[in-house]
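Below is one structure, written out as structure tokens; comments come after it.
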Amino acid sequence: MSAHHKVEIPDEQLRLGSGVSKLWIVFLLIGVVALGAGYFMGQGSDETREQFFRSYLQNFSYFLSLAVGCLFFVLIMRLCRAGWSVSLRRMAEIFSMTLIPLALLMLLIIPGIHDLYEWSHADHVEGDKILQGKAPWLNEGFFKFRLVFYGLLWAGMAWFFARGSIRQDQSKDHKITNRLEGLAAPAMFIFALSVTMAAFDLLMSLYPHWYSTIWGVYFFAGSFLGAVSMMVLLFHFLQRTGVLQNVVTAEHFQDLGKLMFAFVVFWAYIGFSQFMLIWYGNIPEETMWYKARMIGFGEGGWADVSALLLVGHFIFPFFFLMSRHLKRRGITLIFGAAWLLVMHWIDMHWMVMPQLHPAGPSLGLMDVLCFLGVGGIFLGFGLWQLGRQALIPVGDPRLHESLSFENA
């Protein structure tokens with residue numbers, strides 16, 4: 001470990017202003033009202049119930065992916081003992097802690113199990129050998145247990161690593177860094193396994209006759225890309241309010257841009273690998289999932305969304321983020337990050353909705369309310385926690401490495 005040097009940063013650069021720190025109340029109110037309105041509207045016919053729970057699952061999975069992406073950022077930076085990212089890590093620590101309210105919001109999926117998952121209907125399972133074979137895993141009791149388990153596990157991991165870092169702000173105890181770095185390796189293994197299983201349960205089991213062993217990696221790739229993109233926007237927003245000036249610099253943004261570029265390529269690689277193997281194998285149980293997403297090209301069908309993801313989630317950001325100068329300029333990196341967050345949401349919509357709307361995407365009020373509902377609670381909790389802590393880990397012994405970091 002590098003020697004620790006005392007870092008003097010004005011306190012006003014490390015704390016949110018009173019106006020920004022109170023924004024969490026606004027976001028939280030928007031979230032609660034929107035989610036309540038969506039849930040109430042969804043209690044009518046069977047069609048409206050299914051639409052609500054589909055919209056809720058999609059938007060919950062979207063914000064869950066951002067939170068688990070932030071948790072991965074914390075774990076991988078601890079595991080690699082990265083010095084350059086120390087001044088960025090607090091943002092990831094705080095927004096990984098949104099897994100605490102998300103663990104509660106995950107329970108709202110339980111009353112919608114029968115509206116979402118075919119395997120939850122006993123009459124469907126009885127006459128279906130595939131569903132019978134998967135019944136030891138895909139059954140209501142075990143599914144509910146796993147949802148609670150995932151929520152408690154991720155919330156506990158996020159809280160443990162974040163609280164350790166926050167306690168170090170006061171104690172300046174270097175042993176905390178050593179302990180958290182030592183625990184990052186087993187935590188990473190648990191993280192990888194649990195995220196893979198959760199992606200299978202929440203999203204892949206919507207189509208229980210279909211399977212892909214690479215699905216968990218696909219979900220993870222989009223999650224981390226979305227989390228880094230979100231962090232870029234949050235850091236720029238905070239700097240516009242007057243904090244973190246000369247603390248998070250163009251050097252850091254360039255490296256965040258590098259991570260975005262790398263995971264744009266990784267997401268595309270995993271997506272293509274999944275598609276190519278299924279296309280080549282040409283097994284009906286595997287091709288059915290892609291068949292539903294390759295109809296209606298040029299007619300507003302799901303094939304148009306598939307083409308949009310190819311261009312918007314890979315080709316365009318690949319060339320856009322290739323430039324060093326675009327990654328170092330605030331306005332261009334903001335645009336790239338916002339673009340990728342939109343593409344990530346469309347990717348989630350593409351995963352969840354074709355079964356409900358086979359003719360093509362159909363956005364409605366329920367989608368908006370669920371997005372505002374889950375997103376408002378997600379941002380409200382994150383900003384509330386951010387306003388209670390220093391914006392960077394001031395007690396970390398490697399902070400000076402991050403503040404003096406320059407790209408080669």
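Quick note: the coordinates plus some simple rules give every number you see, no bench work behind them. Being a predicted model, the structure only gives us computed values, none of them experimental. Positions of Cβ are backbone-derived with ideal geometry, glycine not excepted, and every protein chain shown enters the neighbour counts.
For the reader, a short list of remarks on this structure follows.
- Total residues in segment 129-142, condition over 29 Å from the mean Cα position of the chain (by Cα) and either touching a residue at least 60 places away in the same chain (Cβ under 8 Å) or farther than 15 Å from E285 by Cβ (or both): 2
- As a summary of the residue check, G42 satisfies the conditions (1) surrounded by fewer than 17 Cβ atoms within 10 Å (Cβ to Cβ); (2) farther than 23 Å from A250 by Cβ except for the one numbered (1).
- Matching helices (runs of 4 or more DSSP H) fully within segment 15-114 where at least 1 residues are out of contact with any Phe, Trp or Tyr (no Cβ under 9 Å at 6 or more places or on another chain) and among the acidic types (D, E): 46-79
- The single residue among L131, L147, L153 that is of a type outside the set (G, A, S), in a helix (DSSP H, G or I) and over 28 Å from W267 (Cα atoms) turns out to be L131.
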